[in-house]
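Heads up: the structure comes next, in structure tokens.
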Amino acid sequence: MSDATVLQQEIAVEQQHVDRVYTRLAELRQDASRAEKEGYRLSGVGTFGSLVERDAMVYHAARRRHALDTEYEGLVFGRLDLTTGATHYVGRMGIRDQDSKPLVVDWRAPAAAAFYRATAAEPLGVVRRRMIQSSREKVTGIEDDLLDPDAAPADMRVVGDGALLASLAKATGRGMRDIVATIQREQDEAIRSPASGVTIVTGGPGTGKTAVALHRAAYLLYSDRSRFAGGGILVVGPSGVFVEYIATVLPSLGEETATLRSLGTLVPGWDATRVDAGEVAAIKGSLRMRRVLERASHDAVPGGPTELRLLYRGTLLRLDAAQLDQLRRKALPRGARRNEVRGHGFDRIFDALWAQAREHKVTGLPEKREFESELADRGDFREFLKAWWPRFTPMRVLRWLADPKRLRAYANGVLSRDEIATLQGSFDALATEGPTISDVALLDELDELMGRPRQPQRRSKNPFHVRDGIQEVSTYADRQAAARAQQVQREEDYREYAHVVVDEAQDVSPMQWRMIGRRGSYASWTIVGDPAQTAWSGDPTELDRSRDRALGSRKRNSYALTTNYRNSSEIFEVAAKVIRTIMPDLPLPSAVRSTGVEPVDVVATPDTLPETVRELTEKQLADVDGTIGVIMPVPRHDEVAGWVAGLPERVQVVTALEAKGMEYDAVVLVEPAQIATDDAGVRTLYVALSRATQRLTTVGTNPGWLP
Ligand SMILES: Nc1ncnc2c1ncn2[C@@H]1O[C@H](COP(=O)(O)OP(=O)(O)OP(=O)(O)O)[C@@H](O)[C@H]1O
């Protein structure tokens, strides 16, 4: 029998099972729809118990139906034949037949672990592992690994080779590649690491760190749903572009309960995408900024009143600038939060005025309490208090740092003269363009340093439309939406996540670790990163210290990933040469796939560069089907974007910093020499060079950048 016939026969065998699964899926979907309708019918009954039951029923049925719909494609992707003679199918979700026998085991269930972990050296009771490829309900291919030939029955057939390599060679879409069917053993160990404590995953470019982090989030939600869905999982990544890129993965894993945030959007109200120059970011990210901000948060308001003059019952009461300053300092000792001790400040003013009034023997001076209430009734006095000690927002105070004199005063003795000069001007655009990504951590720090102005208590929103004690009639769709919303609704600045995942952790600055740490005081953590890819040019020991402080004494489990699945070996060789110049002993991952296509380096003159970049990008459009990343040094973004304007959407223009964590089928890297100007620059270049799966073209005016 030819190989092709064997393959067709085996496909037919698997098709039979897959057909059973989809038939069963259709039944389950119908059951779920029926349950939703039944839940709605209960609303006619109207007792409190029945309403609660109805809402729970509608919610669960709707969720189930949603899961059944989203996991439709490629639902079954694996099969295990065990030495016991049993067979398990592995898929995106667990499905049982009418007798409750499993038709498909969820990939996250313990029984599915062997699918990812078994090797020929350690088969874990698996004789044959089979990868099933399909397109909707149709099985299109099979790839087998025979792990325990001695235990294989005589009639067992083994087809195909290299399911992983076949999957890697495919072009990527905009989102991240779905790897659930091809997770490798070392990755699986990290994904299933204990739920508590801290899981630390390191590995070079393309080793699947992000993929592991996201699958781990999905695994945790599966293994302890009430804990992790209830508390929530926060996933923090570096840039907005990156978060958008990974956002497609979690829903496709069936999870909507994770909150995805970039470092610029972690604090409610801010959506920062502007980046500071490396040396500015290093200062703004340093823990010393806390002292600078603390001083700012205690300073007098710019343009605030410098004296108080009040005519009281014919006597002039007066506090001059020095007295006002002294009163503010007394009411605001070090460590006090300015928004929270506002009342103390006002008390000091009343006390000082009272003392003066007595000293001046004001005629008809009433009791102190009466005196105070008379003053409090006066508009001019109230205006003074508001101007002297307003309620502060973090942004208001951060903007004071745009004033060179204030910046110098706050940073004196904390930052060096050079550092102060570097920072100068970097806060100027706050008012017009909003914060940079590094500023967001400073705003969060100020929020902590000053405390919150007291807010009127927010009325809680009842998703079930109870108004004035009357149960409002609402539509079925409303109620369903409300029931879903209630499960995931969290206050905007929620800080009690059950788990925090930090991707690209090597780029989190000390101040940013503080910001993330505030949102994970009760959490277990997954930290994923590659120190060799950091753009941080500040003190590396400070980075480690602040990370350790955020993680506290929680137990740590570390995992190292060693295979680069993204780059062809030809591409990674270039990246490796670059990083070796500054880290000669760094252990590098091995790239498993060779394409036979060597990277291309093109030299242009400043005059021909624009045209050359466009031509090279157009060539990539012809050569690859997927995405093309045009990457350049941060300051040259707009210029280069202009050169490739109007090309199809699969051309994406990003700076070397924004490229972090991203992946493209082809990359055109502009002016590599201009990126690698110092050690942090070399690391950033290493990142940019390791983004392409198939083709890498470098182009610049400066030859000889490649070691
Ligand atoms: N087991 C796997 N099977 C198939 N593809 C995989 C596997 N592991 C990783 N990949 C793919 O390799 C690519 C790189 O993965 P990922 O982005 O998670 O790596 P990373 O370690 O976070 O990279 P970097 O540090 O460079 O950002 C992705 O396309 C991912 O889907």
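Of everything in segment 173-190 that's surrounded by fewer than 18 Cβ atoms within 10 Å (Cβ to Cβ) and modelled with pLDDT under 85, which residue is farthest from the ligand (Cβ to nearest atom)?
ARG174
Failed condition for ARG695, given (1) closer than 24 Å to ARG593 by Cα; (2) part of a helix (DSSP H, G or I); (3) of a type in the set (Lys, Arg), with all others met?
Going through (1) closer than 24 Å to ARG593 by Cα; (2) part of a helix (DSSP H, G or I); (3) of a type in the set (Lys, Arg) one by one, ARG695 breaks only (2).
For segment 495-502, does any single residue satisfy the condition of being at pLDDT 50 or above, within 21 Å of ASN339 (Cβ to Cβ) and surrounded by fewer than 18 Cβ atoms within 10 Å (Cβ to Cβ)?
Yes, there is a match, as at least one residue in segment 495-502 is at pLDDT 50 or above, within 21 Å of ASN339 (Cβ to Cβ) and surrounded by fewer than 18 Cβ atoms within 10 Å (Cβ to Cβ).
Which condition number does SER226 fail, the rest of (1) surrounded by 19 or more Cβ atoms within 10 Å (Cβ to Cβ); (2) more than 16 Å from the ligand (Cβ to nearest atom); (3) of a type in the set (Gly, Ala, Ser); (4) outside any loop (DSSP other than H, G, I, E, B) being met?
Going through (1) surrounded by 19 or more Cβ atoms within 10 Å (Cβ to Cβ); (2) more than 16 Å from the ligand (Cβ to nearest atom); (3) of a type in the set (Gly, Ala, Ser); (4) outside any loop (DSSP other than H, G, I, E, B) one by one, SER226 breaks only (1).
How many residues are within 16 Å of the ligand (Cβ to nearest atom) and not hydrophobic (A, V, I, L, M, F, W, C) if we restrict to segment 676-699?
8
Scan segment 641-658 for residues that are touching a Leu at 6+ places or on another chain (Cβ under 9 Å) and not in a strand (DSSP E or B) and jot them down.
TRP643, LEU647, PRO648, ARG650, ALA656
Between residues in segment 649-664 that are in contact (Cβ under 8 Å) with a residue 60 or more places away in the chain and more than 19 Å from VAL235 (Cβ to Cβ) and residues that are within 9 Å of the ligand (Cβ to nearest atom) and assigned to a strand (DSSP E or B), which pairs lie under 9 Å by C-beta distance while being six or more apart or on different chains?
Correct list of pairs: TYR664/THR693.
Filter segment 108-143 down to the residues that are buried (at least 21 other Cβ atoms within 10 Å of the Cβ) and among the acidic types (Asp, Glu) and list them by number.
GLU143
Which residues, counting only those in segment 270-309, are in contact with a Leu (Cβ under 9 Å, 6 or more places away or on another chain) and free of Cβ contacts under 8 Å to residues at least 12 places away in the same chain?
Correct list: ARG309 only.
Which condition breaks for GLY162 when tested against (1) modelled with pLDDT under 85; (2) under 30 Å from ARG580 (Cβ atoms); (3) within 9 Å of the ligand (Cβ to nearest atom)?
Answer for GLY162: the failing condition is (3).
Among ARG399, ARG408, ARG452, which is within 28 Å of the chain's Cα centre (by Cα), modelled with pLDDT of 95 or more and not β-branched (Val, Ile, Thr)?
Result of the check over ARG399, ARG408, ARG452: ARG399.
Give the residues of segment 516-536 that are surrounded by fewer than 20 Cβ atoms within 10 Å (Cβ to Cβ) and in a loop (DSSP other than H, G, I, E, B), sorted by residue number.
SER521, TYR522
Tally up the residues in segment 76-123 that are assigned to a helix (DSSP H, G or I) and more than 18 Å from ARG185 (Cα to Cα), please.
Count: 0.
Of everything in segment 503-515 that's within 13 Å of the ligand (Cβ to nearest atom) and without any contact (Cβ under 8 Å) to a residue 60 or more places away in the chain, which residue is surrounded by the most Cβ atoms within 10 Å (Cβ to Cβ)?
Looking at residues that are within 13 Å of the ligand (Cβ to nearest atom) and without any contact (Cβ under 8 Å) to a residue 60 or more places away in the chain, I get ALA505.
Please find, among ALA247, ALA258, ALA217, ALA213, the residue that is under 13 Å from the mean Cα position of the chain (by Cα), more than 17 Å from TYR116 (Cβ to Cβ) and either at pLDDT 90 or above or crowded, with 21+ Cβ neighbours inside 10 Å (or both).
ALA258
For segment 381-402, give me each residue that is surrounded by fewer than 12 Cβ atoms within 10 Å (Cβ to Cβ) and in contact (Cβ under 8 Å) with a residue 24 or more places away in the chain.
Result: no residue meets the conditions.
State the number of residues belonging to segment 193-215 that are part of a loop (DSSP other than H, G, I, E, B) and more than 9 Å from the ligand (Cβ to nearest atom).
5
Given the conditions (1) at pLDDT 75 or above; (2) aliphatic (A, V, I, L, M); (3) over 14 Å from the mean Cα position of the chain (by Cα), and given that VAL236 satisfies all but one, which numbered condition is not satisfied?
The single condition VAL236 does not satisfy is (3).
Kindly list the number of the only condition in (1) surrounded by fewer than 20 Cβ atoms within 10 Å (Cβ to Cβ); (2) touching a strand residue (DSSP E or B) at 6+ places or on another chain (Cβ under 7 Å) that fails for GLY204.
(1)
Please enumerate the residues belonging to segment 124-138 that are touching a strand residue (DSSP E or B) at 6+ places or on another chain (Cβ under 8 Å), of a type in the set (Lys, Arg) and either outside any strand (DSSP E or B) or within 19 Å of GLY74 (Cβ to Cβ) (or both).
Scanning segment 124-138 gives ARG129, ARG130.
The values are calculated or read from the model by the stated rules, or taken from the named source; none is laboratory data. All of these numbers come straight from a predicted model, not from anything done at the bench. In this analysis, Cβ positions are derived from the backbone assuming ideal geometry, glycine residues included, and neighbour counts consider all displayed protein chains.
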